[in-house]
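Written below as structure tokens is the structure these notes are about.
The values are calculated or read from the model by the stated rules, or taken from the named source; none is laboratory data. Because the structure is predicted, anything quoted here is derived from the model rather than measured. So basically every Cβ, Gly included, is an ideal-geometry build from the backbone, and we count neighbours across all protein chains shown. Heads up: the accessible areas ignore ligands, DNA and RNA and are worked out on the full protein's heavy atoms, side chains in. Shrake-Rupley method; radii C 1.70, N 1.55, O 1.52, S 1.80 Å.
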Amino acid sequence: MMKRMILSLMCVFTLVLAFSANAALAASDGYFYTSNRFGYTIKCPQKPIAVMDLSIFSPQEKGDILVFENDGYSLTKYWVVSPDAFTNDTFPDLDNISEQDAKDLFAHLMVERGYESVSLVPINGHNAIYAVTAKNIQVDTNKDGKADQTIEEPGQNIETYLKGNKTNYCIVLSSKKAITQDDINAYQYGLLSFREN
């Protein structure tokens, strides 16, 4: 656990620097998607092949699923943009959080939600939580309190939690395959382009 946390914290500084650099290098082409229903605009790497209502898959949530790849009826690469994704007291004030409180928050989220890494990234003048789900998950199969099996997930998510002026959003990149650097660059550029209407 400690080794995993140290590795994650070492990656935070690199991730924050790479976030801005990669997004700046993203191609100038793309597609601006505007959701009149939820009041936002985001730049996608391409026009989505479909836009689906998140509540179809998760009735307690609302938002859009922007589909970029599918295999028949299975969605293989998509973004989820979900308004009202968390309340203002879910996270502390991320713009004024101390370094130690941020480390404690990251450690808590990694354990609670199974993230591989968590960091703060600047989006629209405010800090947002940028979290990557674990590719390899340790599982306690015999319930003795010790992990005894490693499961490799076929896909991975990147989840970003940001506070808007009107509501709080979670924007997710989800892929059923390995996430490529191009996927990450396009997603980060999308985050930096995100605007409430």
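For the reader, a short list of remarks on this structure follows.
- Where the Cα pairs of the chain fall when distances are cut into 10 Å bins, in %: 8, 34, 37, 18, 3, 0
- 14 Å beta-carbon shell around Ile49, net charge (K/R +1, D/E -1): -1
- Order of exposure, largest accessible area first, which applies to Lys135, Lys43, Lys146, Lys163 with probe 1.4 Å: Lys146, Lys163, Lys135, Lys43
- The mean sequence separation of alpha-carbon pairs under 8 Å and at least six residues apart, normalised by the residue count of the chain, gives a relative contact order of 24 percent.
- What the chain shows is 55 Å² of accessible area per residue, with the surface traced by a 1.4 Å probe over protein heavy atoms.
- Sorting Val111, Val172, Val139 by accessible area puts them as Val111, Val139, Val172; the probe is 1.4 Å, largest comes first, and only protein heavy atoms count.
- Taking 0.36 nm per residue of sequence separation and removing the Cα-Cα distance, the Ile137/Glu153 pair yields an extension gain of 5.0 nm.
- When nucleic acids and ligands are ignored and a 1.4 Å probe is applied, Glu99 ends up with an accessible area of around 130 Å².
- The chain: calculated mean residue ellipticity at 222 nm from DSSP helix runs of at least 4, using -39500 (n - 2.57): -9000 deg cm²/dmol
- Inter-centroid distance (Cα atoms) of segment 103-123 relative to segment 142-197, Å: 12 Å
- Accessible-area composition of the chain, carbon plus sulfur, in percent [1.4 Å probe]: 54 percent
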